[in-house]
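What follows is calculated from the coordinates using simple rules that are stated; it is not laboratory data. Quick caveat: nothing in here was measured; it's all calculated off a predicted structure. So basically every Cβ, Gly included, is an ideal-geometry build from the backbone, and we count neighbours across all protein chains shown.
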Amino acid sequence: MSEATAPAPARPDPAGEHHPALQHHFADLDQQREAASLGMWVFIAQEVLFFGGLFAAYAVYRSQYPAAFSAGSHHLSWKIGFANTLVLIGSSLTMALAVHSAAIGKKKRIVAFLLATVLLGGVFLGVKYLEYGEKIRPCLGDGPYAGCLVPGERFDASAVHLQGDEGRHAQIYFSLYFGMTGLHALHMIIGIPIILGIAFLASRGRYSPEYHSPVEIVGLYWHFVDIIWIFLFPLLYLIGAH
Amino acid sequence: MSQHRVLPVKAYLGIFLALCALTVITVAVTGYDFGPFNLIVALGVAITKATLVVLYFMHARYSPKLTGVVIASSLAFFVILVFLTLTDYVSRPWPLS
């Protein structure tokens with residue numbers, strides 16, 4: 001952190017003291033950017049623990065019911081999960097390139113890469129919608145609910161080749177599946193309009209190499225959501241040998 | 001003090017390809033049964049991928065030390081949350097009544 005008083009010659013501000021984006025309570029743009037990104041990191045630290053509760057629940061139940069978790073996992077399509085993982089990693093790449101474009105002042109590319117990120121995020125959510133639908137649709141209507149994988153009375157344990165207690169334990173697996181992937185998807189649903197808003201501001205020429213903290217910060221958020229999926233994919237789709 | 005380092009585009013593409021390769025590896029290893037090491041291998045690959053994302057996509061490697069402190073404290077509390085919870089559960093009779 002910079003020493004607040006006295007113009008600091010060690011950290012010259014390329015845009016001079018009166019850059020329009022510099023807020024008065026910061027000494028210079030560097031300090032402003034560091035404060036902004038540190039704030040986002042603290043938010044992410046809190047998010048780690050927010051998801052952490054679900055990961056802890058997963059660890060407890062998987063250690064107690066390994067067979068039910070393995071059976072539930074085998075019902076998911078690893079191919080779909082694999083493809084979706086690549087899509088999400090791709091969206092992280094386009095997001096990193098959007099931040100990079102902002103840092104080197106390629107204003108049109110910021111918008112293009114942000115829109116590419118939204119597009120890939122949309123593909124991911126679309127695939128997730130199809131995956132959910134396949135599990136939820138059999139639970140609707142008057143029955144016989146064959147293939148229903150929503151935990152509850154209509155849950156069809158025979159769909160994962162289990163019965164009795166193990167069938168009930170598989171419901172815990174699917175509760176965690178919907179809870180964890182659902183919370184992850186909710187983060188993406190929140191992130192997409194924010195990215196679109198920042199893309200709009202970028203298209204108005206709001207960001208420059210000196211000031212592009214919003215692009216950087218939404219990037220941090222998006223990469224964090226990517227990291228959550230990096231753990232969800234093997235933990236939910238790839239339990240045991242396939 | 002941190003410089004606002006700009007990585008070349010090639011670096012991002014390299015990280016992207018490494019993440020793709022690790023995703024292929026994490027799927028490919030499920031063809032083999034390592035017994036209790038299945039989970040360790042899966043988590044090892046995932047932690048490697050997450051580390052690449054944090055260091056390069058999120059620029060943690062080029063960020064102020066304070067960012068590293070926040071990341072480390074976040075991980076420390078996550079470990080406390082999961083590890084201490086598990087010590088409790090594995091040392092009690094199951095199912096809980």
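Observations on the structure shown:
- Across segment A:48-156, Cα pairs under 8 Å and at least six residues apart give a relative contact order of 16 percent.
- Anisotropy class of segment A:135-212 from Cα gyration tensor, a/c 1.5 cut: prolate
- Distance violations [Cα-Cα > 29 Å] among A:Lys79/B:Lys65; A:Lys108/B:Lys65; A:Lys106/A:Lys128; A:Lys108/B:Lys10: A:Lys79/B:Lys65; A:Lys108/B:Lys65; A:Lys106/A:Lys128
- Where a label projected 7 Å from the Cα of A:Val127 along Cα→Cβ would reach, residues of segment A:133-172 with amide N under 18 Å: A:133-135
- Charged side chains reduced to their Cβ positions (Lys and Arg at +1, Asp and Glu at -1) give segment A:115-212 a dipole of some 440 debye around its Cα centre.
- Given R0 = 35 Å, the distance between the Cβ atoms of A:Lys108 and A:Leu183 translates into a calculated FRET efficiency of 0.50.
- Qualifying aspartates and glutamates (Cα of each under 13 Å from Cα of A:Lys107; at least 8 residues distant if same chain): A:Glu210
- Cleavage-rule hits (chymotrypsin sites (Phe, Trp or Tyr not before Pro)) in segment A:39-106: DSSP loop, at most 10 neighbouring Cβ within 10 angstrom: none
- Short-range pairs are left out: with C-alpha atoms under 8 Å and at least six residues apart, the relative contact order of segment A:29-237 is 33 percent.
- Across chain A, the longest piece that holds none of the GluC sites (Glu not before Pro) lying in DSSP loops with up to 12 other C-beta atoms within 10 Å covers A:18-152.
- Between A:Arg168 and B:Val24, the distance separating the two model label sites (each 7 Å from Cα on the Cα→Cβ line) works out to 4.5 nm.
- Chain A: calculated mean residue ellipticity at 222 nm from DSSP helix runs of at least 4, using -39500 (n - 2.57): -24000 deg cm²/dmol
- Candidates A:His184, A:His24, A:His223, ranked by Gaussian network fluctuation over chain A, Cα under 10 Å, top entry: A:His24
- Directionally averaged projected area (segment B:1-63, Cα convex hull): 4.7 nm².
- Cα gyration tensor shape of chain A, rounded if a/c is under 1.5, else prolate or oblate by comparing a/b with b/c: prolate
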